[in-house]
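The values are calculated or read from the model by the stated rules, or taken from the named source; none is laboratory data. A quick note: this is a predicted structure, and the numbers were derived from the prediction, not measured. Here the Cβ positions follow ideal geometry from the backbone for every residue, glycine too, while neighbour counts run over all protein chains shown.
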């Protein structure tokens, strides 16, 4: 367990009075600088692993030469590298010239005294470990030391449930003593420290579960991560889990990554994994648009959220998408061969220069030279090229680009002017990748420089850029939304022995859901209709799958209709079709389409069956005074067709002991066409005895015609801009259903277009 993981906010710092110690601590923590040794005694050493690179500076310096196991070197200094390792300064001779270089201390065994004195070495850490003044994290930090530092263990004690070693050592010309957590000390007999303070030296006792969970939370992992990490720790106690606090809001991240075409899924995948955004999908035809070729479509936000939630992958297979991508000594050709087993890269290849090389050795050589995991590079190539390796990007014989290779598919994407193959091979030609070896080495360098060394140092971070601040959400190596989990599982296959000190960098977001995001394949989501019909009738407006509300007006003689519907997707189910009996007035019919995924969409048809016109008859005005009308006469006179003349209207009305006239709204006699608002006046002895208002349905302005002017007046009334009343409001009710609505507008419009007649 790394004692850097403990919260130390309550720790009380005290002054370190020894001037030498104070200077050492200050030097140790200069930001961005390697710790320079003072007074280091030069000593000889032997390379014990490799081949190992000698660089011009620690960590990322240029390659000077390569040393094989057994090579004898002179160590002149030691520094702490930014990668968490101690680095030795060496004197090496290259082509007869002596140069100063650096290599990691864990590759070299010192042969004489100097700083090599001691009976143990610091191990199992990539970030260094604190030496404290007592056995516990509450004690002050004396200095920080790094992997490979030799120490002398002289005592042992328990503190805070952990085992601590009392150590002494020399560093940069000064002597130090203090206590360090035993988990980070490997004794020369090969045993590791550990335990809870009650065991003998070298005995390993597991950390109690509660204490380990507390450690995880203190390090910054939310509680929802801890049970899974605890289970992994119980099985693989050497694994280290490092929380990466992205500082990003979870919902903001998912929204950004859900931008159409940013994350793709195979077109053959379950439809519920695919985006239904209008830029990604056509609801009317149940068709997804292809990106980077027809075989890839945009992924759904729900599936993206599932793939991005780290808590879904904290198991011994998929966790390797979070493994740090820096090179480590345990990564070897055997592990690469495990990754490449049963693929075209499982064995050797004959290159364009005639040399026969091993794919596994090529990845190891390239990865170690770049300080990038060769396992990652091999898994990436496998992901890009597939098991059979049939892509024209690596055939070497594509027309116009013979002899060029692009094993990492770099810049191999489709544009309006060229195919993915042409773009990828054009880039390979520009880079001079005219051999398999050059293609693998060159592509690996792109991965290293553009991603790993920019902080995107896990497969997850290469796929989902939530750490490289200059290009958040856009500087992403692959578009396949499943790439991180797929390549992570490939990485897991590389390790025959998983009991190694792997480091996993696991992202944490702000405002994450309390529990891991779940996802289930539900099938096709399309719940649209491709057609909605009423036999012998036309719907208003004309049918479109996106529109769910329709109107239909039928005559009084239509007693029933038949409704039909067809879904867009054959996997959908439709209900609500068939025969319907109609009542006078409005009839509401609902047709529902249910998708394979269970989502429903309801289409509504409002069918208005017009009232049967009333018949005329004899109306009593007074004793012995009547009128006989061929028009329905109640409170108002109806049944008058638009365009009827006053003379024609009056010819249908006869009086007994009275006379009748047609008056305009202003009281003057109407000798033109009958219009809404006119009055049928009955005269007795020269005086008006009774009046009946005339209503022509659809004629709102009273000119006796039905025109666009009436439609505008209808719309203004519905919108509340002007208000109709009395007989004019009655004339606006073209559907005769007792109210004025958009249905009446539709009926008036259809009458004007000659598609129907308004029943009077």
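One line per residue, one yes/no per condition, for (1) in a helix (DSSP H, G or I); (2) within 26 Å of residue 67 (Cα to Cα); (3) in contact with a helix residue (DSSP H, G or I) (Cβ under 7 Å, 6 or more places away or on another chain); (4) touching a residue at least 24 places away in the same chain (Cβ under 8 Å):
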position	(1), (2), (3), (4)
336	yes, yes, yes, yes
339	yes, no, yes, yes
367	yes, yes, yes, yes
413	no, no, yes, yes
416	no, no, no, no
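Within segment 473-485, the set of residues being at pLDDT below 90 and farther than 12 Å from residue 264 by Cα comprises 473, 474, 475, 476, 477. Sub-8 Å Cβ pairs linking a first residue in segment 543-562 that is modelled with pLDDT under 85 to a second residue that is surrounded by 13 or more Cβ atoms within 10 Å (Cβ to Cβ) and assigned to a loop (DSSP other than H, G, I, E, B), at least 6 apart or interchain, are 555/610; 555/759; 556/584; 556/610; 556/611; 556/613; 556/759, ordered by first then second residue. Being in a loop (DSSP other than H, G, I, E, B), in contact with a helix residue (DSSP H, G or I) (Cβ under 6 Å, 6 or more places away or on another chain) and closer than 17 Å to residue 347 by Cβ is the requirement here; does residue 398 meet it? Spelling it out, it is not the case that residue 398 is in a loop (DSSP other than H, G, I, E, B), in contact with a helix residue (DSSP H, G or I) (Cβ under 6 Å, 6 or more places away or on another chain) and closer than 17 Å to residue 347 by Cβ. Here residue 434 fulfils each of the conditions (1) touching a residue at least 60 places away in the same chain (Cβ under 8 Å); (2) outside any helix (DSSP H, G or I); (3) within 15 Å of residue 377 (Cα to Cα) apart from (3).
Listed by position, the strands (runs of 3 or more DSSP E) enclosed by segment 166-254 that each have at least 3 residues that are surrounded by 15 or more Cβ atoms within 10 Å (Cβ to Cβ) and at pLDDT 90 or above are 240-249. Of the strands (runs of 3 or more DSSP E) that lie entirely inside segment 595-645, those containing 2 or more residues that are closer than 30 Å to residue 568 by Cβ, touching a residue at least 24 places away in the same chain (Cβ under 8 Å) and touching a helix residue (DSSP H, G or I) at 6+ places or on another chain (Cβ under 8 Å) span 600-609. Within segment 129-147, if we keep just the residues that are surrounded by 21 or more Cβ atoms within 10 Å (Cβ to Cβ) and outside any strand (DSSP E or B), the residue that is modelled with the lowest pLDDT turns out to be 146.
For segment 595-618, taking the residues that are touching a strand residue (DSSP E or B) at 6+ places or on another chain (Cβ under 8 Å) and at pLDDT below 90, the one that is nearest to residue 271 (Cα to Cα) is identified as 608.
Across segment 88-105, the number of residues qualifying as closer than 17 Å to residue 44 by Cβ and either outside any strand (DSSP E or B) or in contact with a helix residue (DSSP H, G or I) (Cβ under 8 Å, 6 or more places away or on another chain) (or both) comes to 2.
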